[in-house]
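Colleague: Here it is, the structure, as C-alpha coordinates.
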Amino acid sequence: MREAFRASVLHCLSDPGEGADRSAIEYFEDGVLLVEDGVVVEVGDVGSMLAQCENVAVTEYPGKIIVPGFIDCHVHFPQLDIIASYGEQLLDWLDRYAYPAEARFADEGYAHEVAGVFLDELLRNGTTTALVFGTVHAHSADAIFAAAQQRGMRLIAGKVLMDRNCPAELQDDPESGVAESRALIERWHGQDRLSYAITPRFALTSSERQLAAAGRLASEYPDVWVHTHLAENTAEIEEISRQFPNSRSYLDVYDQFGLLRKRSVFAHCLYLDDEDRQRMAEKGAAAAFCPTSNLFLGSGLFDLSAMRSAGVACGLGTDIGGGTSLSLLTTASEAYKVLHLQDQGLPAMRALYLATLGAAEALSLDDKVGNFRCGKEADFVVLDPAGTPLSARRTGIASSIDEKLFATIMLADDRHIAATYVAGRCWAVS
Ligand SMILES: [Zn+2]
(Lines give C-alpha, C1' and ligand atoms only; values in the text may rest on other atoms or scores of the structure.)
Protein backbone atom coordinates (compact mmCIF):
# COMPACT_ATOMS: atom_id res chain seq x y z
CA MET A 1 0.00 0.00 0.00
CA ARG A 2 1.22 3.48 -0.88
CA GLU A 3 1.38 6.19 1.75
CA ALA A 4 2.65 9.75 1.56
CA PHE A 5 4.15 11.94 4.28
CA ARG A 6 4.17 15.71 3.82
CA ALA A 7 6.53 18.03 5.73
CA SER A 8 9.95 19.55 5.14
CA VAL A 9 12.11 16.64 3.98
CA LEU A 10 15.89 16.56 4.38
CA HIS A 11 18.46 13.84 3.71
CA CYS A 12 22.13 13.40 2.76
CA LEU A 13 23.38 12.01 -0.55
CA SER A 14 27.02 11.97 0.59
CA ASP A 15 29.29 13.55 3.25
CA PRO A 16 28.72 17.35 3.26
CA GLY A 17 32.11 17.71 4.98
CA GLU A 18 33.29 20.62 7.11
CA GLY A 19 32.24 22.96 4.30
CA ALA A 20 28.59 21.80 4.39
CA ASP A 21 28.62 21.07 0.63
CA ARG A 22 25.08 21.67 -0.70
CA SER A 23 25.36 19.04 -3.43
CA ALA A 24 25.67 16.45 -0.64
CA ILE A 25 22.14 17.11 0.64
CA GLU A 26 18.60 17.25 -0.69
CA TYR A 27 16.09 19.54 1.01
CA PHE A 28 12.45 20.11 0.17
CA GLU A 29 10.91 22.83 2.32
CA ASP A 30 7.42 21.60 1.39
CA GLY A 31 8.20 18.03 0.50
CA VAL A 32 6.63 14.63 0.22
CA LEU A 33 8.10 11.23 1.09
CA LEU A 34 6.27 8.50 -0.80
CA VAL A 35 6.43 5.00 0.71
CA GLU A 36 5.09 1.66 -0.47
CA ASP A 37 5.17 -1.56 1.57
CA GLY A 38 7.86 -0.21 3.87
CA VAL A 39 10.14 0.98 1.08
CA VAL A 40 10.91 4.48 -0.24
CA VAL A 41 9.36 5.11 -3.66
CA GLU A 42 10.34 8.72 -4.14
CA VAL A 43 11.00 11.98 -2.36
CA GLY A 44 10.44 15.41 -3.81
CA ASP A 45 8.82 18.79 -3.73
CA VAL A 46 5.05 18.69 -3.15
CA GLY A 47 4.38 20.26 -6.56
CA SER A 48 6.28 17.59 -8.45
CA MET A 49 4.79 14.76 -6.40
CA LEU A 50 1.09 15.66 -6.79
CA ALA A 51 0.37 13.23 -9.63
CA GLN A 52 1.88 10.32 -7.72
CA CYS A 53 -0.08 11.17 -4.59
CA GLU A 54 -3.53 10.82 -6.21
CA ASN A 55 -5.65 8.36 -4.25
CA VAL A 56 -2.82 8.00 -1.71
CA ALA A 57 -3.36 8.65 2.00
CA VAL A 58 -1.28 11.67 3.00
CA THR A 59 -0.11 12.18 6.58
CA GLU A 60 0.76 15.83 7.11
CA TYR A 61 3.31 17.12 9.61
CA PRO A 62 3.20 20.92 9.31
CA GLY A 63 6.25 22.65 10.78
CA LYS A 64 8.17 19.39 11.11
CA ILE A 65 11.23 18.01 9.29
CA ILE A 66 11.32 14.43 8.03
CA VAL A 67 14.86 12.99 8.13
CA PRO A 68 16.14 9.40 7.81
CA GLY A 69 16.00 7.24 10.96
CA PHE A 70 19.04 7.69 13.18
CA ILE A 71 21.66 4.92 13.36
CA ASP A 72 23.60 4.25 16.57
CA CYS A 73 26.99 2.72 15.68
CA HIS A 74 27.90 1.55 19.19
CA VAL A 75 25.75 0.87 22.24
CA HIS A 76 25.48 -1.69 25.08
CA PHE A 77 21.87 -2.59 25.85
CA PRO A 78 22.76 -4.38 29.13
CA GLN A 79 24.21 -1.13 30.48
CA LEU A 80 20.95 0.82 30.26
CA ASP A 81 20.48 0.79 34.03
CA ILE A 82 23.98 2.10 34.85
CA ILE A 83 23.73 5.20 32.67
CA ALA A 84 24.88 8.22 34.69
CA SER A 85 27.06 6.39 37.23
CA TYR A 86 29.54 8.64 38.96
CA GLY A 87 33.19 9.19 38.62
CA GLU A 88 35.46 6.50 37.18
CA GLN A 89 37.65 6.07 34.13
CA LEU A 90 37.28 3.09 31.83
CA LEU A 91 38.99 0.18 33.61
CA ASP A 92 37.60 1.05 37.06
CA TRP A 93 34.22 1.85 35.57
CA LEU A 94 34.01 -1.62 34.02
CA ASP A 95 34.81 -3.28 37.38
CA ARG A 96 32.59 -1.08 39.47
CA TYR A 97 29.53 -0.65 37.26
CA ALA A 98 29.52 -2.50 33.93
CA TYR A 99 30.44 -6.01 35.05
CA PRO A 100 27.96 -6.16 37.98
CA ALA A 101 25.22 -4.86 35.65
CA GLU A 102 26.07 -7.45 33.01
CA ALA A 103 26.13 -10.26 35.60
CA ARG A 104 22.40 -9.66 36.20
CA PHE A 105 21.81 -10.88 32.63
CA ALA A 106 22.37 -14.45 33.77
CA ASP A 107 18.61 -14.13 34.37
CA GLU A 108 17.04 -14.68 30.96
CA GLY A 109 13.73 -13.02 31.87
CA TYR A 110 15.56 -9.89 32.97
CA ALA A 111 17.48 -9.82 29.66
CA HIS A 112 14.21 -9.88 27.70
CA GLU A 113 12.67 -7.17 29.88
CA VAL A 114 15.65 -4.81 29.44
CA ALA A 115 15.83 -5.51 25.68
CA GLY A 116 12.25 -4.31 25.21
CA VAL A 117 12.73 -1.19 27.33
CA PHE A 118 16.00 -0.42 25.54
CA LEU A 119 14.54 -0.62 22.02
CA ASP A 120 11.51 1.46 22.99
CA GLU A 121 13.92 4.11 24.29
CA LEU A 122 15.84 4.01 20.99
CA LEU A 123 12.62 4.53 19.02
CA ARG A 124 11.52 7.36 21.32
CA ASN A 125 14.80 9.06 20.44
CA GLY A 126 14.42 8.52 16.69
CA THR A 127 16.95 5.68 16.44
CA THR A 128 15.81 2.95 14.08
CA THR A 129 19.02 0.94 13.67
CA ALA A 130 21.85 0.13 16.08
CA LEU A 131 24.99 -1.96 16.44
CA VAL A 132 24.54 -3.45 19.90
CA PHE A 133 26.69 -5.24 22.48
CA GLY A 134 25.00 -7.97 24.52
CA THR A 135 26.60 -9.66 27.51
CA VAL A 136 28.62 -12.86 27.58
CA HIS A 137 25.32 -14.78 27.90
CA ALA A 138 24.10 -16.13 24.55
CA HIS A 139 20.50 -15.48 25.61
CA SER A 140 21.27 -11.73 25.83
CA ALA A 141 21.67 -11.78 22.03
CA ASP A 142 18.49 -13.84 21.67
CA ALA A 143 16.68 -11.23 23.79
CA ILE A 144 17.72 -8.19 21.76
CA PHE A 145 17.16 -9.95 18.43
CA ALA A 146 13.68 -11.09 19.45
CA ALA A 147 12.75 -7.59 20.63
CA ALA A 148 14.07 -6.02 17.40
CA GLN A 149 12.27 -8.59 15.26
CA GLN A 150 9.02 -7.83 17.05
CA ARG A 151 9.47 -4.12 16.24
CA GLY A 152 10.60 -4.73 12.64
CA MET A 153 13.91 -2.95 13.25
CA ARG A 154 17.17 -3.33 11.36
CA LEU A 155 19.66 -4.28 14.05
CA ILE A 156 23.12 -5.83 14.38
CA ALA A 157 24.08 -7.45 17.68
CA GLY A 158 26.18 -10.13 19.27
CA LYS A 159 27.04 -11.91 22.49
CA VAL A 160 30.25 -10.73 24.10
CA LEU A 161 33.38 -12.88 23.97
CA MET A 162 35.57 -12.54 27.07
CA ASP A 163 37.66 -15.17 28.78
CA ARG A 164 40.07 -13.29 31.06
CA ASN A 165 40.60 -10.16 33.18
CA CYS A 166 36.94 -9.98 34.23
CA PRO A 167 34.76 -11.68 36.89
CA ALA A 168 34.68 -15.49 36.54
CA GLU A 169 30.88 -15.51 36.24
CA LEU A 170 31.18 -13.38 33.07
CA GLN A 171 33.80 -15.51 31.34
CA ASP A 172 33.31 -17.90 28.46
CA ASP A 173 36.23 -19.79 26.89
CA PRO A 174 37.59 -19.87 23.33
CA GLU A 175 35.60 -22.99 22.43
CA SER A 176 32.27 -22.17 24.10
CA GLY A 177 32.39 -18.54 22.95
CA VAL A 178 32.81 -19.51 19.32
CA ALA A 179 30.28 -22.36 19.54
CA GLU A 180 27.65 -20.02 21.01
CA SER A 181 28.45 -17.30 18.46
CA ARG A 182 28.17 -19.78 15.62
CA ALA A 183 24.79 -21.00 16.88
CA LEU A 184 23.56 -17.39 17.15
CA ILE A 185 24.76 -16.64 13.60
CA GLU A 186 22.85 -19.65 12.31
CA ARG A 187 19.75 -18.67 14.32
CA TRP A 188 19.59 -14.93 13.62
CA HIS A 189 21.92 -13.65 10.91
CA GLY A 190 19.87 -12.67 7.86
CA GLN A 191 16.52 -13.27 9.58
CA ASP A 192 14.20 -10.38 8.69
CA ARG A 193 16.30 -7.24 9.26
CA LEU A 194 18.73 -8.78 11.77
CA SER A 195 22.46 -9.35 11.44
CA TYR A 196 25.11 -10.83 13.71
CA ALA A 197 28.32 -9.21 15.00
CA ILE A 198 31.18 -11.27 16.43
CA THR A 199 31.79 -9.25 19.60
CA PRO A 200 35.05 -9.61 21.54
CA ARG A 201 34.72 -6.96 24.27
CA PHE A 202 38.30 -5.68 23.77
CA ALA A 203 41.76 -7.14 23.54
CA LEU A 204 42.36 -7.06 27.32
CA THR A 205 39.44 -9.37 28.09
CA SER A 206 40.14 -12.00 25.42
CA SER A 207 43.09 -14.39 25.47
CA GLU A 208 45.17 -14.77 22.33
CA ARG A 209 43.45 -18.13 21.81
CA GLN A 210 40.04 -16.47 21.94
CA LEU A 211 41.04 -13.61 19.62
CA ALA A 212 42.41 -16.16 17.16
CA ALA A 213 39.22 -18.24 17.36
CA ALA A 214 37.12 -15.09 16.80
CA GLY A 215 39.26 -14.23 13.77
CA ARG A 216 38.77 -17.70 12.30
CA LEU A 217 35.02 -17.39 12.80
CA ALA A 218 35.10 -13.97 11.09
CA SER A 219 36.84 -15.42 8.04
CA GLU A 220 34.40 -18.32 7.97
CA TYR A 221 31.47 -15.85 7.91
CA PRO A 222 32.68 -12.86 5.86
CA ASP A 223 29.20 -11.30 5.70
CA VAL A 224 28.96 -11.17 9.51
CA TRP A 225 30.11 -8.04 11.39
CA VAL A 226 32.94 -7.66 13.93
CA HIS A 227 32.28 -5.21 16.77
CA THR A 228 34.74 -4.25 19.49
CA HIS A 229 36.50 -1.36 21.26
CA LEU A 230 39.77 0.25 20.20
CA ALA A 231 42.14 2.78 21.77
CA GLU A 232 39.68 4.36 24.19
CA ASN A 233 41.76 5.15 27.25
CA THR A 234 45.46 5.77 27.94
CA ALA A 235 45.70 3.31 30.88
CA GLU A 236 44.03 0.67 28.70
CA ILE A 237 46.55 1.28 25.90
CA GLU A 238 49.52 0.95 28.29
CA GLU A 239 48.15 -2.41 29.42
CA ILE A 240 47.67 -3.48 25.79
CA SER A 241 51.31 -2.77 25.01
CA ARG A 242 52.34 -4.87 28.06
CA GLN A 243 50.07 -7.77 27.10
CA PHE A 244 50.86 -7.70 23.38
CA PRO A 245 54.54 -6.65 23.16
CA ASN A 246 54.88 -7.92 19.60
CA SER A 247 52.10 -5.74 18.19
CA ARG A 248 52.99 -2.42 16.58
CA SER A 249 49.82 -0.80 17.92
CA TYR A 250 46.48 -1.59 19.55
CA LEU A 251 44.89 -1.82 16.10
CA ASP A 252 47.64 -4.22 15.07
CA VAL A 253 46.50 -6.69 17.77
CA TYR A 254 43.13 -7.03 16.05
CA ASP A 255 44.77 -7.08 12.63
CA GLN A 256 47.09 -9.94 13.63
CA PHE A 257 44.11 -12.02 14.71
CA GLY A 258 42.09 -11.44 11.53
CA LEU A 259 39.60 -9.05 13.12
CA LEU A 260 40.39 -6.01 10.94
CA ARG A 261 38.31 -6.25 7.80
CA LYS A 262 35.26 -4.86 6.04
CA ARG A 263 32.30 -4.89 8.46
CA SER A 264 34.67 -4.45 11.43
CA VAL A 265 33.43 -1.56 13.56
CA PHE A 266 35.68 -0.15 16.27
CA ALA A 267 34.27 2.03 19.02
CA HIS A 268 36.26 5.13 20.10
CA CYS A 269 39.54 5.06 18.09
CA LEU A 270 40.90 8.01 20.11
CA TYR A 271 44.61 7.15 20.13
CA LEU A 272 45.54 6.04 16.63
CA ASP A 273 48.40 7.12 14.41
CA ASP A 274 48.45 7.73 10.66
CA GLU A 275 49.50 4.16 9.96
CA ASP A 276 46.55 2.79 11.96
CA ARG A 277 44.10 5.06 10.16
CA GLN A 278 45.56 4.11 6.80
CA ARG A 279 45.29 0.44 7.67
CA MET A 280 41.65 0.82 8.74
CA ALA A 281 40.83 2.56 5.47
CA GLU A 282 42.62 -0.07 3.37
CA LYS A 283 40.73 -2.85 5.09
CA GLY A 284 37.37 -1.07 4.94
CA ALA A 285 36.92 -1.01 8.73
CA ALA A 286 34.90 1.75 10.39
CA ALA A 287 34.91 3.88 13.54
CA ALA A 288 32.14 4.76 16.00
CA PHE A 289 32.56 8.30 17.37
CA CYS A 290 31.09 8.30 20.90
CA PRO A 291 31.47 11.84 22.26
CA THR A 292 29.27 11.70 25.36
CA SER A 293 31.06 8.57 26.55
CA ASN A 294 34.52 9.94 25.73
CA LEU A 295 33.79 13.07 27.77
CA PHE A 296 31.93 11.33 30.59
CA LEU A 297 34.67 8.73 31.18
CA GLY A 298 37.41 11.30 30.64
CA SER A 299 38.79 9.24 27.76
CA GLY A 300 39.80 11.82 25.16
CA LEU A 301 38.86 13.56 21.91
CA PHE A 302 37.98 11.85 18.61
CA ASP A 303 39.83 13.30 15.60
CA LEU A 304 37.14 13.24 12.90
CA SER A 305 39.19 15.23 10.41
CA ALA A 306 42.11 12.78 10.53
CA MET A 307 39.81 9.78 10.25
CA ARG A 308 37.84 11.14 7.29
CA SER A 309 40.99 12.41 5.56
CA ALA A 310 42.39 8.89 5.77
CA GLY A 311 39.16 7.58 4.25
CA VAL A 312 37.76 5.80 7.31
CA ALA A 313 33.96 5.57 7.47
CA CYS A 314 32.63 7.14 10.69
CA GLY A 315 29.27 7.24 12.43
CA LEU A 316 28.05 8.39 15.82
CA GLY A 317 27.60 6.03 18.77
CA THR A 318 25.92 6.69 22.11
CA ASP A 319 27.92 4.01 23.97
CA ILE A 320 25.35 3.69 26.73
CA GLY A 321 26.16 3.20 29.66
CA GLY A 322 29.53 5.03 29.30
CA GLY A 323 27.60 7.56 27.25
CA THR A 324 24.98 9.78 28.82
CA SER A 325 22.17 9.95 26.26
CA LEU A 326 20.42 7.60 23.84
CA SER A 327 19.61 10.61 21.64
CA LEU A 328 21.79 10.90 18.56
CA LEU A 329 20.82 14.58 18.42
CA THR A 330 22.34 15.12 21.87
CA THR A 331 25.29 12.97 20.80
CA ALA A 332 25.78 15.18 17.72
CA SER A 333 25.66 18.25 19.94
CA GLU A 334 28.49 16.86 22.08
CA ALA A 335 30.38 15.84 18.92
CA TYR A 336 30.27 19.48 17.84
CA LYS A 337 31.91 20.52 21.11
CA VAL A 338 34.55 17.76 21.01
CA LEU A 339 35.52 18.85 17.49
CA HIS A 340 35.43 22.52 18.41
CA LEU A 341 38.12 21.86 21.05
CA GLN A 342 40.32 20.59 18.18
CA ASP A 343 39.61 23.54 15.85
CA GLN A 344 37.34 21.40 13.70
CA GLY A 345 33.85 22.35 12.60
CA LEU A 346 30.69 20.24 12.57
CA PRO A 347 28.03 21.95 10.45
CA ALA A 348 24.47 20.74 11.05
CA MET A 349 24.35 18.91 7.71
CA ARG A 350 27.46 16.92 8.55
CA ALA A 351 26.06 16.12 11.98
CA LEU A 352 22.96 14.77 10.23
CA TYR A 353 25.21 12.75 7.93
CA LEU A 354 27.07 11.20 10.89
CA ALA A 355 23.77 10.13 12.45
CA THR A 356 22.25 8.77 9.21
CA LEU A 357 24.04 8.02 5.91
CA GLY A 358 27.56 8.19 7.39
CA ALA A 359 26.55 5.73 10.08
CA ALA A 360 24.95 3.49 7.44
CA GLU A 361 28.21 3.57 5.49
CA ALA A 362 30.19 2.76 8.66
CA LEU A 363 27.92 -0.25 9.24
CA SER A 364 27.96 -1.28 5.54
CA LEU A 365 24.19 -0.82 5.50
CA ASP A 366 24.06 2.11 3.08
CA ASP A 367 22.46 -0.03 0.38
CA LYS A 368 19.49 -0.48 2.75
CA VAL A 369 19.11 2.58 5.01
CA GLY A 370 20.64 6.02 5.69
CA ASN A 371 18.76 8.23 3.22
CA PHE A 372 15.67 8.37 1.00
CA ARG A 373 17.06 6.93 -2.23
CA CYS A 374 14.40 4.97 -4.11
CA GLY A 375 14.22 1.37 -2.90
CA LYS A 376 15.71 1.94 0.55
CA GLU A 377 13.86 0.83 3.66
CA ALA A 378 11.50 3.55 4.89
CA ASP A 379 12.93 4.22 8.35
CA PHE A 380 12.42 7.88 9.18
CA VAL A 381 12.01 10.42 11.94
CA VAL A 382 9.64 13.36 12.15
CA LEU A 383 11.73 16.04 13.85
CA ASP A 384 9.98 18.81 15.75
CA PRO A 385 12.20 21.90 15.86
CA ALA A 386 9.68 23.40 18.31
CA GLY A 387 9.81 20.52 20.81
CA THR A 388 10.20 22.89 23.77
CA PRO A 389 9.22 26.55 24.25
CA LEU A 390 12.88 27.60 24.04
CA SER A 391 13.64 25.63 20.87
CA ALA A 392 10.39 26.91 19.32
CA ARG A 393 11.53 30.47 20.02
CA ARG A 394 15.06 29.86 18.75
CA THR A 395 14.24 27.87 15.61
CA GLY A 396 11.33 30.22 14.86
CA ILE A 397 13.77 33.01 14.00
CA ALA A 398 16.17 30.82 12.01
CA SER A 399 16.76 32.16 8.51
CA SER A 400 17.89 28.91 6.89
CA ILE A 401 17.42 25.15 7.24
CA ASP A 402 21.06 24.92 8.34
CA GLU A 403 20.45 27.33 11.20
CA LYS A 404 17.17 25.66 12.13
CA LEU A 405 18.70 22.16 12.16
CA PHE A 406 21.77 23.32 14.07
CA ALA A 407 19.68 24.95 16.81
CA THR A 408 17.44 21.87 16.94
CA ILE A 409 20.46 19.60 17.41
CA MET A 410 21.98 21.81 20.12
CA LEU A 411 18.71 22.08 22.07
CA ALA A 412 17.25 18.68 21.29
CA ASP A 413 16.09 15.77 23.37
CA ASP A 414 13.36 13.18 22.87
CA ARG A 415 10.71 15.94 22.99
CA HIS A 416 11.93 16.94 19.52
CA ILE A 417 11.00 13.56 18.03
CA ALA A 418 7.36 13.85 16.93
CA ALA A 419 7.25 10.34 15.47
CA THR A 420 9.52 7.46 14.49
CA TYR A 421 8.70 5.20 11.55
CA VAL A 422 10.18 1.74 11.09
CA ALA A 423 9.78 0.38 7.54
CA GLY A 424 6.90 2.78 7.02
CA ARG A 425 5.15 1.94 10.31
CA CYS A 426 4.76 4.51 13.07
CA TRP A 427 6.25 3.04 16.24
CA ALA A 428 6.78 5.79 18.78
CA VAL A 429 4.74 8.93 19.09
CA SER A 430 5.60 11.38 21.82
ZN1 LIG B 1 31.35 0.53 24.47
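The values are calculated or read from the model by the stated rules, or taken from the named source; none is laboratory data. The shown structure was predicted, so the numbers you read here are calculated from the model rather than taken from an experiment. Here the Cβ is made from the backbone with ideal geometry for all residues, glycine too, and neighbour counts use every protein chain on show. Just so you know, the surface numbers come from the protein's heavy atoms only, side chains and all, with ligands and any DNA or RNA stripped out. Shrake-Rupley method; radii C 1.70, N 1.55, O 1.52, S 1.80 Å.
Colleague: Give me the angle, in degrees from 0 to 90, between the Cα long axis of helix 328-340 and the longest principal axis of the Cα atoms of the chain, rounded to the nearest 10.
Modeller: That works out to roughly 70 degrees.
Colleague: Next up: Please work out the average accessible area per residue across the range 1-122, using the 1.4 Å probe convention, and give it in Å².
Modeller: 43
Colleague: Here is a follow-up. I'd like the orientation of helix 174-188 relative to the chain: the angle between its Cα long axis and the longest Cα principal axis, in ° from 0 to 90, rounded to 10.
Modeller: Helix 174-188 sits roughly 20 degrees off the main axis of the chain.
Colleague: Also: Restricting to bridges with both residues inside the chain, how much of the DSSP beta-bridge set is antiparallel, in percent to the nearest 5?
Modeller: Numbers: 29 of 64 bridges.
So the antiparallel bridges amount to about 45 percent of the total.
Colleague: For the range 313-388, with all protein chains present and a 1.4 Å probe, just round the carbon and sulfur fraction of the accessible area to a whole percent.
Modeller: Heavy-atom surface of the range 313-388 belonging to carbon and sulfur, 1.4 Å probe: 47 percent.
Colleague: Let me ask another. When Lys and Arg each count +1 and Asp and Glu each count -1, what net charge do the other residues less than 15 Å away from residue 219, Cβ to Cβ, add up to? Walk me through the numbers on the way to the answer.
Modeller: Values: positive: 182, 216, 261, 262, 263, 283; negative: 220, 223, 255.
Once all neighbours under 15 Å are counted, the net charge is +3.
Colleague: Let a ≥ b ≥ c be the square roots of the eigenvalues of the Cα gyration tensor of the range 86-195; is it rounded (a/c under 1.5), or, if not, prolate (a/b larger than b/c) or oblate?
Modeller: Since a/c reaches 1.5 but b/c is at least a/b, the shape of the range 86-195 is classed as oblate.
Colleague: By its C-alpha gyration tensor, with a ≥ b ≥ c as the square roots of the eigenvalues, how is the chain shaped: rounded for a/c under 1.5, else prolate for a/b larger than b/c, else oblate?
Modeller: The shape class here is prolate.
Colleague: Among 177, 349, 359, flag the residue with its Cα farthest along the positive direction of the charge dipole of the chain, charges on Cβ as +1 for Lys/Arg and -1 for Asp/Glu.
Modeller: It is 349, whose Cα lies furthest towards the positive end.
Colleague: What part of the accessible area of the range 141-283, given as a whole %, is carbon or sulfur when the probe is 1.4 angstrom? Mind showing how you got there, number by number?
Modeller: Working: 2390 of 5300 Å².
Exposed carbon and sulfur together represent 45 percent of the surface.
Colleague: How many percent of DSSP beta bridges within the range 168-306 run antiparallel, rounded to 5?
Modeller: Bridges in the range 168-306 are about 0 percent antiparallel.
Colleague: Right, something else. Specify whether the C-alpha gyration tensor of the range 296-415 places it in the rounded, prolate or oblate class, a ≥ b ≥ c being the square roots of the eigenvalues: rounded for a/c under 1.5, otherwise prolate if a/b is larger than b/c and oblate if not. Kindly include the intermediate steps, with their values, before the conclusion.
Modeller: Details: a/c = 1.55, a/b = 1.12, b/c = 1.38.
Oblate is the answer for the range 296-415, as a/c is 1.5 or above yet b/c matches or exceeds a/b.
Colleague: Then there is this: With contacts defined as alpha carbon pairs under 8 Å and 6 or more residues apart, what's the relative contact order of the range 242-301 in percent?
Modeller: 32
Colleague: Mind checking which of 413, 173, 163 has the largest fluctuation in a GNM of the chain, springs on alpha carbons under 10 Å?
Modeller: Between 413, 173, 163, it is 173 that shows the largest mean-square fluctuation.
Colleague: Where does each of 104, 277, 2 land when they are ordered by accessible area, with a 1.4 Å probe and the largest first? List each step's numbers first, then the result.
Modeller: Values: 104 130, 277 30, 2 90 Å².
Of 104, 277, 2, the descending order of accessible area is 104, 2, 277.
Colleague: If we count every other residue with Cβ under 13 angstrom of residue 413's Cβ, Lys/Arg +1 and Asp/Glu -1, where does the sum land?
Modeller: Residues close to residue 413 contribute a combined charge of -2.
Colleague: Follow-up question, since we're still on this one. For 27, 353, what's the largest-to-smallest order of accessible area, 1.4 Å probe?
Modeller: Ranking 27, 353 by accessible area, largest first, yields 27, 353.
Colleague: For the range 284-425, what does the accessible surface come to per residue with a 1.4 Å probe? Please give it in Å².
Modeller: Value returned for the range 284-425: 30 Å² of accessible area per residue.
Colleague: Also, quick follow-up: Could you check the spin-label model distance between residue 18 and residue 48? Points 7 Å from the Cα along Cα→Cβ, value in nm.
Modeller: Label at residue 18, label at residue 48, 3.3 nm between them.
Colleague: Given Cβ point charges of +1 (Lys, Arg) and -1 (Asp, Glu) and nothing else, what value in debye, to the nearest 20, does the dipole of the chain about its Cα centre take? Could the numbers behind the result be given before it?
Modeller: Values: 36 positive and 61 negative charges, 89 e Å.
Computed about the Cα centre, the dipole is about 420 debye.
Colleague: A follow-up question, please. For every helix of n ≥ 4 consecutive DSSP H residues, a contribution of -39,500 (n - 2.57) applies; sum these over the chain, divide by its total residues, and give [θ] at 222 nm rounded to the nearest 500 deg cm²/dmol.
Modeller: Helices in the chain give a 222 nm mean residue ellipticity of -10500 deg cm²/dmol.
Colleague: Further, regarding this structure: So if we plug the beta-carbon distance of residue 403 and residue 175 into 1/(1 + (r/R0)^6) with R0 = 45 Å, what FRET efficiency do we get, rounded to 0.05?
Modeller: That gives a FRET efficiency of 0.20.
Colleague: Which number gives the lysine pairs in the chain that have C-alpha atoms under 20 Å apart and are eight or more places apart or on different chains?
Modeller: 6
Colleague: Cβ under 9 Å from residue 372's Cβ, residue 372 left aside: what net charge do those residues give with Lys, Arg +1 and Asp, Glu -1?
Modeller: That works out to 0.
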